[in-house]
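Notes follow once the structure below has been shown.
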Amino acid sequence: MDFGGGARRDTAVHESGHAVARVLSIGRVGITNDNAIRWIEMDRGSPHCSVFELPLNMPGLKEFGEREGIREGIWPTVEEWRKLFSFMGIDPLKWTSVRLFEIAAGAAAQAKFANVPFELVWYDGGCSDDRQKAIETCQRVGLNEAEATGLFAERSKEACTVMDKTDVWRAVLTLAERLPTTGRMPGDAVVSIVQNALRAL
């Protein structure tokens, strides 16, 4: 299996872990085939699996936000986020749980690939962006440190368990092998590759 070099190999598996977890979450907290993944990019700055965190293009959401005094360009408060979640019909805690699973899945895939403990990958410099996303995800819904730590421990453990499933691991490796060394792979292509690999097509 050749991904074009040792460092990129780990990175390709890591980003594929994020993507596969995202696809596994389709049908939950507003995630659909169409909005699951924007793209995966491997060659510019920090490699990235870009996702739509929330369906913020939902009809009427902008107007609702304006009525509630939530202004574009200013990060909403926890209370304002709760109002937005309510309008979108999404449970904030379920959303946080899904996001943490997806965020942790990159390190979980990389740890399995390298045959090292999850924590060794998670606390490495390469996961600094993921750690920051996890913190911001929990802060957005108002979790305190103990709540955030407990939920992340639970979801990261599940991410590691899921990576041991034959179909999931096949999907991770299949996507990692097909990621381009330059440019972006569009989200619809990512979702299709993952779903086909999960079904062994």
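The values are calculated or read from the model by the stated rules, or taken from the named source; none is laboratory data. If you're wondering where the values come from, they're calculated on a predicted model, not measured in any experiment. Neighbour counts run over all protein chains shown; Cβ positions are idealised from the backbone, glycine included. Surface areas here come from the heavy atoms of the whole protein model, side chains and all, with no ligands, DNA or RNA. Shrake-Rupley method; radii C 1.70, N 1.55, O 1.52, S 1.80 Å.
Numbers for the structure displayed
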| item | result |
| --- | --- |
| Some residue of region 138-156 being in contact with a helix residue (DSSP H, G or I) (Cβ under 6 Å, 6 or more places away or on another chain), at pLDDT below 95, of a type in the set (D, E, K, R) and surrounded by 14 or more Cβ atoms within 10 Å (Cβ to Cβ) | yes |
| Candidates 153, 108, 146, filtered to the one that is among the hydrophobic types (A, V, I, L, M, F, W, C) and either within 29 Å of residue 182 (Cβ to Cβ) or in contact with a Pro (Cβ under 8 Å, 6 or more places away or on another chain) (or both) | 108 |
| Qualifying residue in region 63-74 (condition: assigned to a loop (DSSP other than H, G, I, E, B) and in contact (Cβ under 8 Å) with a residue 12 or more places away in the chain) | yes |
| In region 20-54, the residues that are at pLDDT 90 or above, assigned to a strand (DSSP E or B) and open to solvent by 30 Å² or more (accessible area, probe 1.4 Å) | 38, 39 |
| Subset of region 69-82 (residues that are open to solvent by 70 Å² or more (accessible area, probe 1.4 Å) and at pLDDT 90 or above) | 77, 79, 82 |
| Residue that is surrounded by the most Cβ atoms within 10 Å (Cβ to Cβ), among those in region 86-128 that are free of Cβ contacts under 8 Å to residues at least 40 places away in the same chain and aromatic (Phe, Trp, Tyr) | 122 |
